[in-house]
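Participant: My structure is below; once you've seen it, I'll send some questions.
The values are calculated or read from the model by the stated rules, or taken from the named source; none is laboratory data. The shown structure was predicted, so the numbers you read here are calculated from the model rather than taken from an experiment. A quick note on method: Cβ atoms are made from the backbone with ideal geometry, for glycine too, and the neighbour counts reach across all protein chains shown.
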Amino acid sequence: MRILKNLSKDKLAMTSLMVIIVMIIAGIFAPLIAPHDPGQVNMKLRYASSSWDYLLGNDHLGRCVLSRLIYGIRPSVLWVLVALSLSVLIGAIVGFIAGYFKGKVDAWIMRVCDIMLSFPGYVMTLAVVGILGAGLENILIAFVWMKWAWFARVIRTSVMQFSDMDYVKFAKASGTPNLRIITKHIVPVTFADIAVIASGSMCSMMLQISGLSFLGLGIQAPHAEWGMMLNEAREVMFSRPELMLAPGLAIVVVVSAFNFLSDALQVALDPKLMTSQGKSDKSYESEVRKTAYEYSRG
């Protein structure tokens with residue numbers, strides 16, 4: 001409730017949150033919302049213009065563009081959220097163990113993370129997809145395989161900041177079990193960092209899966225995906241630009257929404273940032289009023 005209350009003060013954040021919620025709901029209930037079967041081929045409607053039955057027109061196989069756009073939410077957003085959740089879960093478990101227990105455990109875990117992070121993310125994702133083959137499942141496996149180490153390192157750094165606090169030392173001295181200390185005293189204070197880096201990583205993962213599908217290494221036909229829709233519309237990008245505009249705008253809107261929400265979450269979860277932002281806004285307003293007053297006096 002406190003987070004929502006803080007977010008409600010930022011109109012852009014609330015708009016971004018509403019866009020994300022609407023997208024998720026539309027993806028879950030795609031069979032009920034989509035006006036047509038996204039895979040239904042009708043060559044008589046090949047490259048047909050917009051109509052009441054087909055609001056966004058039809059593609060090169062006469063399929064409904066709007067229906068494919070709605071079904072494309074599932075691989076482009078929902079399944080990326082699943083892969084992100086698994087990456088954060090694995091990274092959080094490993095990061096908490098390394099940051100809390102330290103010593104040899106931390107050293108061994110960090111060396112494994114160093115090895116994983118020594119390879120460029122995009123290159124390794126392409127390598128995994130090249131070895132396992134194109135497809136949604138293999139892309140998600142590549143995401144989880146490459147992202148958990150980065151989350152583990154970031155979360156481990158956050159945990160180490162709080163594991164040496166006096167209240168944590170007192171809990172250890174009083175005989176409180178380690179698991180209870182982690183869940184009760186450390187998880188709540190590190191939740192802000194986890195939420196911010198997770199929402200920020202969502203954007204890069206969405207762009208990666210769309211990029212791989214655009215190159216033909218991601219979602220395969222006849223399944224709908226935004227990047228693949230962009231690839232399919234390349235041949236008519238000048239004569240029928242709206243076929244590229246629809247999936248392109250969808251990617252831009254959702255990625256921008258997650259970006260704006262990530263920035264707002266960082267402020268909403270950190271009272272110090274909210275206070276400093278409020279002070280800077282007030283000082284800026286007072287400076288503007290002072291300048292306007294001096295200008296009016298000549």
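Participant: Out of the residues in region 195-211 meeting the condition of being aliphatic (A, V, I, L, M) and in contact with a helix residue (DSSP H, G or I) (Cβ under 6 Å, 6 or more places away or on another chain), tell me which one is surrounded by the most Cβ atoms within 10 Å (Cβ to Cβ). Talk me through it step by step, then tell me what you get.
Facilitator: Initially, region 195-211 is screened for residues aliphatic (A, V, I, L, M), giving 195-198, 202, 205-207, 209.
Pick out the ones that are also in contact with a helix residue (DSSP H, G or I) (Cβ under 6 Å, 6 or more places away or on another chain) and you get 195-198, 202, 205-206, 209.
Values: ALA195: 18, VAL196: 21, ILE197: 19, ALA198: 22, MET202: 23, MET205: 24, MET206: 21, ILE209: 28.
It comes out as ILE209.
Participant: Filter region 77-108 down to the residues that are among the β-branched types (Val, Ile, Thr) and more than 27 Å from the chain's Cα centre (by Cα) and list them by number.
Facilitator: Restricting attention to region 77-108, the residues satisfying the condition of being among the β-branched types (Val, Ile, Thr) are 77, 80, 82, 88, 90, 93-94, 97, 105.
VAL105, the sole residue that qualifies.
Participant: Which residues, counting only those in region 170-194, are aliphatic (A, V, I, L, M), in contact (Cβ under 8 Å) with a residue 40 or more places away in the chain and loosely packed, with under 15 Cβ neighbours inside 10 Å?
Facilitator: Matches in region 170-194: none.
Participant: Taking ARG46, is it surrounded by 15 or more Cβ atoms within 10 Å (Cβ to Cβ) and more than 28 Å from the chain's Cα centre (by Cα)? Step through it out loud before you land on a result.
Facilitator: Values: surrounded by 15 or more Cβ atoms within 10 Å (Cβ to Cβ): no; more than 28 Å from the chain's Cα centre (by Cα): yes.
Taking the combined requirement at face value, the residue does not satisfy it.
Residue-by-condition table, conditions (1) at pLDDT 85 or above; (2) over 22 Å from ASP193 (Cα atoms):
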position: ILE93; (1), (2): yes, no
position: VAL105; (1), (2): yes, yes
position: TRP108; (1), (2): yes, yes
position: VAL123; (1), (2): no, yes
position: GLY130; (1), (2): no, yes
position: LEU136; (1), (2): no, yes
position: PHE143; (1), (2): yes, no
position: ALA152; (1), (2): yes, no
position: VAL168; (1), (2): no, no
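Participant: Right, next: Kindly provide the set of residues from region 1-22 that are exposed (fewer than 15 other Cβ atoms within 10 Å of the Cβ) and either β-branched (Val, Ile, Thr) or under 24 Å from ALA233 (Cα atoms) (or both), ordered by number.
Facilitator: Those that are exposed (fewer than 15 other Cβ atoms within 10 Å of the Cβ) and either β-branched (Val, Ile, Thr) or under 24 Å from ALA233 (Cα atoms) (or both): ILE3, THR15, ILE21, VAL22.
Participant: Related question: Run down LYS147, LYS172 and say which single residue is among the charged types (D, E, K, R) and either part of a loop (DSSP other than H, G, I, E, B) or over 19 Å from LYS102 (Cα atoms) (or both). Give the derivation first.
Facilitator: Working: LYS172 fails: either part of a loop (DSSP other than H, G, I, E, B) or over 19 Å from LYS102 (Cα atoms) (or both).
One residue alone meets the criteria, LYS147.
Participant: Has region 225-246 got at least one residue that is over 23 Å from SER49 (Cβ atoms) and either buried (at least 20 other Cβ atoms within 10 Å of the Cβ) or at pLDDT 85 or above (or both)? Steps first, please.
Facilitator: Here is the first cut: in region 225-246, the ones over 23 Å from SER49 (Cβ atoms) are 225, 227.
With the extra rule that they be either buried (at least 20 other Cβ atoms within 10 Å of the Cβ) or at pLDDT 85 or above (or both), the set shrinks to 225, 227.
Yes, region 225-246 contains at least one residue that is over 23 Å from SER49 (Cβ atoms) and either buried (at least 20 other Cβ atoms within 10 Å of the Cβ) or at pLDDT 85 or above (or both).
Participant: Also, I was wondering about something else. For region 23-41, enumerate the residues that are assigned to a helix (DSSP H, G or I), surrounded by fewer than 17 Cβ atoms within 10 Å (Cβ to Cβ) and either modelled with pLDDT under 90 or not aliphatic (A, V, I, L, M) (or both). Break it down into steps so the answer makes sense when it comes.
Facilitator: The first filter runs over region 23-41 and keeps only residues assigned to a helix (DSSP H, G or I), leaving 23-28, 30-33.
Filter again for surrounded by fewer than 17 Cβ atoms within 10 Å (Cβ to Cβ), leaving 24-25, 28, 31-33.
Within region 23-41, just PRO31 meets the criteria.
Participant: I've got another one for you. Taking the condition of being loosely packed, with under 14 Cβ neighbours inside 10 Å and either under 20 Å from the mean Cα position of the chain (by Cα) or among the β-branched types (Val, Ile, Thr) (or both), how many residues in region 121-139 meet it?
Facilitator: So the count comes out to 4.
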